[in-house]
Amino acid sequence: MPLFRQENRQKTQESRDLYAAYEIAHTAADFGAALSFLVGSILFFWKDTETAAIWLFVVGSLLFCLKPTLRLAREIHLLSLGEVDKVAERAEQT
């Protein structure tokens, strides 16, 4: 079963719950990155807070890097759920 398929997300209640949890984490990373960049941008108005602004940009960048990582982890996790279902079905047939 390939990655990033809609049917992987809807197979079972467990896969729907897992998908929702990853979506919450992805959205939290979005908000965290956006907030870091917004506050960092504001802090650049004053020379005294320039270092804090730079750190917020680094944190925001890390959060943006986290987003595709979460999506890939979610899809691999969902895929592994599907494979477990197939193994269980094969075991029942024997």
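Only the coordinates and a few stated rules stand behind these numbers; no lab work does. Nothing here was measured: the structure is a model prediction, and the numbers come from that model. When we count neighbours, we look across all protein chains shown, and the Cβ atoms used for this are built from the backbone with ideal geometry, even at glycine.
Relative to a virtual label point 7 Å from the Cα of C65 in the Cα→beta-carbon direction, which members of the range 32-58 show backbone nitrogen distances below 17 Å? Under 17 Å, as judged by backbone N against the label point of C65, lie 32-34, 36-37, 54-58 of the range 32-58. Simple spin-label estimate for K11 and L81 gives 0.9 nm between the two label positions (7 Å along the Cα-to-Cβ direction from each Cα).
Hey, rough spin-label estimate for A21 and L72, points 7 angstrom out along Cα→Cβ, what's it come to in nanometres? It is 2.1 nm. Between helix 13-43 and the chain there is an angle of about 10 degrees, using the helix long axis and the longest principal axis of the Cα atoms. Remark: the range 4-11, residue by residue, has Karplus-estimated 3J(HN,Hα) of 6, 9, 4, 5, 5, 7, 10, 4 Hz, where x stands for each Gly or Pro and the curve is 6.51 cos²θ - 1.76 cosθ + 1.60 at θ = phi - 60°. Our compactness index for the range 7-93, the C-alpha radius of gyration over the empirical 2.2 N^0.38 Å, is 1.61.
Please give the charge dipole size of the range 7-93, origin at the Cα centre, charges +1 on K and R Cβ atoms and -1 on D and E Cβ atoms. Round to the nearest 20 debye. Numbers along the way, then the final one.
On the way: 9 positive and 12 negative charges, 35 e Å.
Dipole magnitude for the range 7-93 comes out near 160 debye.
The modelled label-to-label distance between F44 and F4, using points 7 Å beyond Cα along the C-beta direction, is 3.1 nm. Counting only alpha carbon atoms, the long axis of helix 50-93 and the longest principal axis of the chain meet at about 0°.
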